[in-house]
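Visitor: My questions will all concern the structure given below.
The values are calculated or read from the model by the stated rules, or taken from the named source; none is laboratory data. Just so it is clear, the structure is predicted and the values come from calculations on it, not from any experiment. For neighbour counting, all protein chains shown are included, and Cβ atoms are generated from backbone atoms with ideal geometry for every residue, glycine included. Protein only, heavy atoms only, side chains kept; ligands, DNA and RNA dropped before computing areas. Shrake-Rupley method; radii C 1.70, N 1.55, O 1.52, S 1.80 Å.
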Amino acid sequence: MTDPIKIPAKVKEIVKNKRTGKVYADKAEFDADVANTGTDTTSDDFRQDIEITVASLEVFGKTK
């Protein structure tokens, strides 16, 4: 069995308030917003997305 091919990629975590759409720098900033009594943000508003960017890849193979 051969080793899998490693493809260089960049991963970016996106933390959002799913109700308002506000984007936070990280989960800690979201948690601070939840703890802030001056906002109506709750832990149910948490949304986390992962964005993966893969570098261009050339594929070689045979076709009939």
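Visitor: Would you kindly state how much longer the chain becomes between ALA28 and ALA9 on full extension, computed as 0.36 nm times their sequence separation minus their alpha carbon distance, in nm to one decimal?
Guide: Contour length minus Cα-Cα distance gives 4.3 nm.
Visitor: Shifting gears a bit: Quick check on the chain: what are the equivalent-ellipsoid semi-axes from the Cα gyration tensor, as sqrt(5λ), descending, whole Å?
Guide: Equivalent-ellipsoid dimensions as semi-axes: 41, 12, 9 Å.
Visitor: Can I ask one more? I want the local charge near ASP40. Using Cβ-Cβ distances under 13 Å, sum +1 for each Lys or Arg and -1 for each Asp or Glu among the other residues. Mind showing how you got there, number by number?
Guide: Numbers: positive: ARG19, LYS22; negative: ASP33, ASP44, ASP45.
Spelling it out: positives minus negatives among the neighbours equals -1.
Visitor: In the chain, how many lysine pairs have Cα atoms under 17 Å apart, counting only pairs 8 or more places apart or on different chains?
Guide: So the count of such lysine pairs works out to 4.
Visitor: Something else about it: Given a 1.4 Å probe and heavy atoms of the protein chains only, how would you sort ILE52, ILE7, largest accessible area at the top?
Guide: These residues rank, largest area first, as ILE52, ILE7.
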